[in-house]
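The values are calculated or read from the model by the stated rules, or taken from the named source; none is laboratory data. Computed from a predicted structure; not experimentally measured. A quick note on method: Cβ atoms are made from the backbone with ideal geometry, for glycine too, and the neighbour counts reach across all protein chains shown. For accessibility, only protein heavy atoms count, side chains too; no ligands or nucleic acids. Shrake-Rupley method; radii C 1.70, N 1.55, O 1.52, S 1.80 Å.
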Amino acid sequence: MVWPVLIGTTINAQYYKKVLQDKLRPAIRKKQPGLLESGILFHHDNAPVHTARAVTDVLAGYKWEPVEHPRYSPDLAPCDFHLFPKMKEHLRGQRFETEEDIIQATKVAIKNLDKCSYVTAFKDWLQRKEKCANNGGCYVE
């Protein structure tokens with residue numbers, strides 16, 4: 001799911017909760033019928049907006065199981081080590097006139113990622129998570 005955030009928007013727990021309820025959950029229901037009932041492992045980092053009571057209550061209500069994320073471990077964010085580099089490959093050298101042009105190009109870049117790419121990202125994430133755990137939670141690359 002791609003959800004662009006308008007410039008000037010404050011991302012707080014209420015905003016994030018609303019995105020989970022009104023955007024992400026319906027998108028999962030549409031794209032993967034039955035997945036919501038079978039259980040979801042949900043990964044996000046430890047940003048205060050993600051750990052706020054309003055958000056954790058929503059996740060608990062949905063019975064989505066949060067995946068633990070060690071503190072100060074940006075190397076465990078799949079967006080940072082997988083998605084953003086892949087998007088950069090697609091967007092490199094392009095110039096954009098408007099924000100809408102950027103949003104559309106970003107959506108195309110994400111849609112161009114093949115399913116194998118996501119499987120690879122998940123495997124890489126598991127390896128990085130294990131390496132981080134074996135390293136006492138310290139940063140790894």
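Observations, loosely collected:
- Every residue from region 40-63 that is open to solvent by less than 60 Å² (accessible area, probe 1.4 Å), farther than 14 Å from R25 by Cβ and not in a helix (DSSP H, G or I): H43, H44, A47, A52
- Selection from region 1-23 of residues that are open to solvent by less than 100 Å² (accessible area, probe 1.4 Å), not in a loop (DSSP other than H, G, I, E, B) and not β-branched (V, I, T): A13, Y15, Y16, K17, L20, Q21, D22, K23
- Inside region 109-119, residues that are open to solvent by less than 70 Å² (accessible area, probe 1.4 Å) and in contact with a His (Cβ under 8 Å, 6 or more places away or on another chain) make up a count of 2.
- Residue in region 121-130 that is under 25 Å from Q21 (Cα atoms) and either within 18 Å of the chain's Cα centre (by Cα) or not aliphatic (A, V, I, L, M) (or both) present: yes
- Any hit, region 78-89, residues being open to solvent by 70 Å² or more (accessible area, probe 1.4 Å) and either small (G, A, S) or modelled with pLDDT of 85 or more (or both): yes
- Applying the condition of being free of Cβ contacts under 8 Å to residues at least 24 places away in the same chain and of a type in the set (K, R) to region 90-107 and asking which residue is most open to solvent (accessible area, probe 1.4 Å) yields R95.
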